[in-house]
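Nothing in this text is a laboratory measurement; each read-out follows from the coordinates by a stated rule. These figures come from a predicted structure and were not determined experimentally. As a convention, Cβ positions derive from the backbone with ideal geometry for all residues, glycine included, and neighbour counts pool all protein chains shown.
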Amino acid sequence: MGLMKKIKEKIKESKFFFVSFTAHLLILFLVSGIVIVNPTMRKTVFRGILQMGGGGKAETPEWETQKQLPTSKPVDIPSTAKQEIKVTDAKVVINTKIADSTKSTAAAIKPLDIVGAGGGEGGGMGTGIGKGIGAGIGIFSARMNRTEMAKKYGGSPVTEAAVNKGLEYLFKVQKADGSWEGKEKYGMGSCANTTNGISGLCTLAFLGAGYRVDSPHKYAKTLRNAVSYLVNQQDESGGIGTPNKNSMYTHFIDMIALSEAYSVGGASGIKTNVQKATEFVLNAQGNNLEKAWRYGSASTDADLSVTGWGIMALKDAYYAGIMPAETKTALDDAIKFVIKTKGCYLKDGKGPPLPWVGLFCLALGNKMKTPLANDLIRQIDKVEISRLTDFYTIYYMNLASFQAGGATWERWNKQFRDYIVSLQNEDGSFQQLPRINYTEKTLPLTYSTAMVVLSLEVYYRYIPLYQIAEKEIKK
C-alpha cells in the first residue's frame with residue numbers, strides 16, 4: 001500500500017511538471033515568432049536572455065551608452081484627439097475629431113523618431129504623407145527615423161541633443177501670433193523686414209525634426225500657430241512676405257515651409273496656398289530674362305544666391321505634388337542658369353564664388369555627374385569652418401557636402417559637428433559666429449538658432465538625392 005501511494009504521488013507531481021513544461025514551451029514559441037518578425041524585438045529579447053540567463057553581459061552599442069540620448073517630448077494634447085488643419089479665407093481653422101473610444105489609442109502617440117512619415121493615397125514618387133501625395137519613397141522620408149538616420153550618416157547623440165535643445169528654445173520664444181522675432185531693417189534692402197523669413201526658418205526647424213501639425217506632441221500647437229501665421233502673410237497674388245518689394249528670399253523660405261507643412265507636416269488643408277505660392281514663383285521666373293530669380297518678383301536679371309532658394313522651393317513643391325509638370329520645367333530652366341554661373345554669384349562666372357550653393361542646386365537637378373559638379377566639389381573640399389563668417393554658408397555647405405557624400409562629406413562633417421555644437425548657449429539658443437559678417441551681425445538669436453538646427457538636421461532632413469534619381473531611373 002505504501003508503494004502504491006508513492007507511485008500515485010509521483011504521477012500527480014509529473015502532471016504539474018508536464019503542464020509547466022508545456023506552458024514554458026508555448027511561451028518560447030511565441031517569443032520566437034515575435035523575434036523573427038520584429039528585428040527590434042529580436043535585439044531586445046536576445047540581449048535580455050544574455051543578461052538574465054547567466055550567459056555573459058550583452059554588449060550595448062556605443063550610441064545607446066551615451067548620456068545625451070535624443071528623447072521624445074511629452075504630449076500636451078489628448079491622445080484621443082485627431083487634429084486637422086483647414087484653411088478658409090487665409091485663416092487656419094483647427095478641427096478636432098474625437099477618436100473612437102472603443103478602440104485602443106496606444107498607437108496614436110508616436111515617438112519622435114517615427115513621426116513624420118506614413119502612408120498616403122496614390123503611388124509612385126512622393127513623400128508618403130497626406131492625401132493624394134503618394135506612398136513611394138521620397139526626398140523627406142528619412143525624417144521617419146531621426147535616430148537611425150543620424151547614426152547612419154555621421155550624427156551623434158550630442159548633435160541630436162543640440163537639436164532638441166534648440167527646438168525647445170524656439171518653442172519658448174515664439175510669439176502669440178505664431179511668428180518669431182526678426183528685424184525691421186536689415187542689410188541693403190534685399191529683405192527689409194526679416195520677421196517673415198525667420199518665422200519660415202523656425203517652422204522648417206520643427207518640420208525637419210519630423211514633427212507634424214496633426215500629431216499629439218508638445219510642439220503641435222507651435223506648428224499650427226506658425227503655419228497659420230505664414231498663411232496669413234500671403235497676399236492675393238500668392239506672394240508671401242511682400243516679395244514684390246524685393247523680398248523673394250522671404251517668399252522662397254516661407255513657400256518651402258508651407259510646402260513641407262502640407263507634404264510631410266499633416267497640414268492637408270493648405271494645398272491651395274502652396275499652389276498659389278508656386279504660381280507666383282513661376283510667374284516671376286517667366287518675367288525674368290535668365291529664367292531664374294533675384295531680389296524682387298519683377299527682376300529681369302538673376303543671381304545664384306536667390307535662385308538657390310528658388311530651386312529649393314520648387315523642388316519641395318514638386319515633391320508635394322504641386323503642378324509637377326510645370327515645376328519640373330521651371331526647375332530645368334533654373335538649373336541652366338546655375339550652370340551659366342559656374343558656381344559664382346552671377347552668370348559667366350562673375351562675382352564671389354558660391355560653390356556650396358551651386359553644388360546643391362546641381363544635386364537637386366540631378367547634375368552631380370558633371371565636370372562642373374566635380375570642380376565645385378574640389379572647391380568646397382578646401383573650406384574650413386573656422387574661417388566662415390555666416391550661418392548661410394554653413395547651412396549650404398552641409399547640404400552640398402551631404403549630397404556629395406564620400407570623403408567630401410566625411411571631412412566636412414568631422415569639423416562641423418564639434419564646432420557648431422560648441423556655440424550652443426545654456427538656454428538652447430545658438431550664439432553668433434566668432435567672426436560674424438555684417439549681414440548677419442544684427443540678426444536675433446532666433447535666426448542663428450533656426451539655421452544651426454536646420455544644419456544639424458542634415459542627417460535626415462533630406463535623404464541623399466542620388467537615391468531618388470536612381471529610383472526614378474529604374475521606373
*Residue exposure sequence - L433, L304 - by fewest surrounding Cβ within 10 Å*: L433, L304
*Got a sec to turn the phi values of region 295-307 into Karplus ³J(HN,Hα) couplings, 6.51 cos²θ - 1.76 cosθ + 1.60 with θ = phi - 60°, whole Hz, x for Gly and Pro?*
5, x, 5, 9, 4, 9, 10, 8, 9, 5, 4, 5, 4
*Mean separation of Cα contacts under 8 Å, 6 or more apart, over the residue count of region 141-474: relative contact order %*: 21
_Tell me the net charge near A277. Cut-off is 15 Å between Cβ atoms, A277 excluded, with +1 for each Lys or Arg and -1 for each Asp or Glu._
-4
*Per residue and in Å³, how big is the convex hull formed by the alpha-carbon atoms of region 199-253?*
73
_Label point at D177 placed 7 Å out along Cα→Cβ; residues across region 211-231 whose backbone nitrogen lies under 18 Å_ = 222-231
_For K245, K315, K441, K165, order by how many other beta-carbon atoms lie within 10 Å, fewest first_ = K441, K245, K165, K315
*Could you please rank D303, D177, placing first whichever residue has the fewest other Cβ atoms within 10 Å of its Cβ?*
D177, D303
*Between N437 and N287, how many nm apart are label points set 7 Å from Cα along the C-beta direction?*
2.8
*Report, in debye and to the nearest 20, how large the dipole of region 141-474 comes out about its Cα centre when Lys and Arg carry +1 and Asp and Glu carry -1 on their Cβ.*
520
*E168 versus T370: modelled label distance in nm, points set 7 Å from Cα along the beta carbon direction*: 4.5
*Which value, to two decimals, describes the C-alpha radius of gyration of region 141-474 once divided by 2.2 N^0.38 Å?*
0.91
*Two-decimal ratio, region 271-403, of alpha-carbon radius of gyration to 2.2 N^0.38 Å*: 1.03
